[in-house]
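Written below as structure tokens is the structure these notes are about.
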Amino acid sequence: MIGKHLGRFDRWLWRVWLACSAAALIAVWGQVLVVLLFITIVGAPLAMLIQQAPGAWVYLTLALLIYVPFRLVLRRTSPALLLAAAAVPPIAAGFIVPVLANRETRARVAAMVGDDGGQVPTISRGSSITYVNDLPSEDPRCSDICQRLLFSQTASSYTEGSLGADWAVAPPLHRYYLGPLDGRCNNARLTASYASREEAGDVLPPPRLWDRLPAFIDEGLCFHADPAVNARSDWLMVQSYFQHRRRGGAGAKGAPDIDFSLHPLRPEQRREVYRREGDTLVRVMRRTEVRYALLAVPLWFEQPIAFSGPSPARWRTGGDAIAGSRIDVYRPTRWNGFIANDIRVDGLLAP
């Protein structure tokens, strides 16, 4: 059906497909042009049509893949009737696929948060703590939480490390604690962390948490930072941002980011607390936060306009939702989501 073998209807259909293909390419590859059209009164309607082109292209292309064999075999049948028949399967799939996909998405979300439970514990004063997460750490140091746990003497030691893709604690581990005054004192591993209003009121500039160290020195203690051999502590705190499940950014050599997934869900983070009982770790709490979306019905592929930065071309959704347990609002003197203890550092202000 190319060239002279094309009938008038077929030539018209071919041109429509070419125009739709060109508009779809502009929508996905030419976002700058689409944005420029949107901010002009005259170009806004054209930009809106271009935005719909990727979804229209999917349905039109699928219909043509069915129409062409029909047209070759059933030459005496009206091409308009053949096109109408060819459009039925793609349109039906456009309604059936998102309904089934959304059902699976709900099941996956339920499975991810289904094992959550337990309460944020209050730990015994002087407990040893290990904390691991899946974020890269090139230069680990004892920062805010670490200093508050130690200087409030909530923890006798604080060990920090990395979480592997198999949820196992991976080396290297770094252990921080208040130990005897000897050659191992190492304040260089402390970050400059400022006291909160709960600890220093409205004093400006606020004191730093390490201002508590002279009082410990009077007690014969100083800050130690040593490599740790293992993660054996009274408590294990695990935090995952699911970095190993994140999708990549733009494709190779500047190609646009395209997401064909029918299950748009993204685990945000998970926090787990384990208590050591002999040689066993017993989980006492888990909270998982999952952000997900359900596909729009009918199924429609689009390239959303994002003025704040690039966004992937994807199936249209009905908006984001959050399942599971959201982490509480941050407070400097609380280790939200892990322990209920007050870890404020007292004695920072001169009497």
Inset, instruction - Could you tell me which residue of region 162-210 is surrounded by the fewest Cβ atoms within 10 Å (Cβ to Cβ), considering only residues that are of a type in the set (Phe, Trp, Tyr) and modelled with pLDDT of 90 or more? - result: 194
Legend entry - Close pairs (9 angstrom Cβ cut-off, 6 or more residues apart or separate chains): farther than 20 Å from residue 186 by Cβ in region 224-238, of a type in the set (Phe, Trp, Tyr) and at pLDDT below 90 anywhere: 238/167
Inset, instruction - Determine whether region 109-125 contains at least one residue that is of a type in the set (Asp, Glu), more than 19 Å from residue 241 (Cα to Cα) and open to solvent by 40 Å² or more (accessible area, probe 1.4 Å). - result: no
Inset, instruction - Find the residue count for region 155-171, including only residues that are out of contact with any helix residue (DSSP H, G or I) (no Cβ under 7 Å at 6 or more places or on another chain) and part of a loop (DSSP other than H, G, I, E, B). - result: 4
Inset, instruction - Return yes or no: is residue 106 more than 38 Å from the chain's Cα centre (by Cα) and open to solvent by 80 Å² or more (accessible area, probe 1.4 Å)? - result: no
Inset, instruction - Would you be able to say whether some residue in region 147-154 is closer than 25 Å to residue 334 by Cβ, of a type in the set (Gly, Ala, Ser) and either part of a loop (DSSP other than H, G, I, E, B) or open to solvent by less than 20 Å² (accessible area, probe 1.4 Å) (or both)? - result: yes
Legend entry - Residue that is nearest to residue 232 (Cα to Cα), among those in region 172-214 that are among the polar types (S, T, N, Q) and not in a helix (DSSP H, G or I): 186
Inset, instruction - Could you tell me whether region 267-286 includes any residue that is over 22 Å from residue 232 (Cα atoms), open to solvent by 40 Å² or more (accessible area, probe 1.4 Å) and touching a residue at least 12 places away in the same chain (Cβ under 8 Å)? - result: no
Inset, instruction - Report yes if residue 42 is without any contact (Cβ under 8 Å) to a residue 40 or more places away in the chain and not in a helix (DSSP H, G or I), otherwise no. - result: yes
Inset, instruction - Go through the residues of region 119-127 one by one and say whether even a single one is among the hydrophobic types (A, V, I, L, M, F, W, C), modelled with pLDDT of 95 or more and closer than 30 Å to residue 153 by Cβ. - result: yes
Legend entry - Close pairs (7 angstrom Cβ cut-off, 6 or more residues apart or separate chains): closer than 24 Å to residue 334 by Cα in region 177-195, polar (S, T, N, Q) anywhere: 177/156; 177/157; 190/147; 191/143; 193/143; 193/147
Legend entry - Single match in 134, 144 (criterion: among the acidic types (Asp, Glu) and closer than 21 Å to residue 283 by Cβ): 134
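Residue-wise test of (1) over 17 Å from residue 264 (Cα atoms); (2) out of contact with any strand residue (DSSP E or B) (no Cβ under 9 Å at 6 or more places or on another chain); (3) among the hydrophobic types (A, V, I, L, M, F, W, C).
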{"site": "94", "(1), (2), (3)": "no, yes, no"}
{"site": "100", "(1), (2), (3)": "no, yes, yes"}
{"site": "105", "(1), (2), (3)": "no, no, no"}
{"site": "109", "(1), (2), (3)": "no, no, yes"}
{"site": "131", "(1), (2), (3)": "yes, no, no"}
{"site": "135", "(1), (2), (3)": "yes, no, yes"}
{"site": "138", "(1), (2), (3)": "yes, yes, no"}
Inset, instruction - Can you confirm whether region 15-38 contains a residue that is free of Cβ contacts under 8 Å to residues at least 12 places away in the same chain, outside any helix (DSSP H, G or I), surrounded by 13 or more Cβ atoms within 10 Å (Cβ to Cβ) and touching a Leu at 6+ places or on another chain (Cβ under 7 Å)? - result: no
Inset, instruction - Could you check, for region 45-55, whether at least one of its residues is in contact (Cβ under 8 Å) with a residue 24 or more places away in the chain and over 30 Å from the mean Cα position of the chain (by Cα)? - result: yes
Inset, instruction - Would you point out the residue of region 222-263, among those that are out of contact with any Pro (no Cβ under 7 Å at 6 or more places or on another chain), under 30 Å from residue 182 (Cβ atoms) and open to solvent by 30 Å² or more (accessible area, probe 1.4 Å), that is modelled with the highest pLDDT? - result: 234
Inset, instruction - Exactly one condition in (1) open to solvent by 10 Å² or more (accessible area, probe 1.4 Å); (2) in contact (Cβ under 8 Å) with a residue 12 or more places away in the chain; (3) charged (D, E, K, R) is not met by residue 139; state its number. - result: (2)
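The values are calculated or read from the model by the stated rules, or taken from the named source; none is laboratory data. As the structure is a computational prediction, the values presented were derived from the model and not from experiment. Counting neighbours? That spans all protein chains shown, and the Cβs are built from the backbone with ideal geometry, glycine included. Note: areas computed on protein heavy atoms with side chains; ligands, DNA, RNA excluded. Shrake-Rupley method; radii C 1.70, N 1.55, O 1.52, S 1.80 Å.
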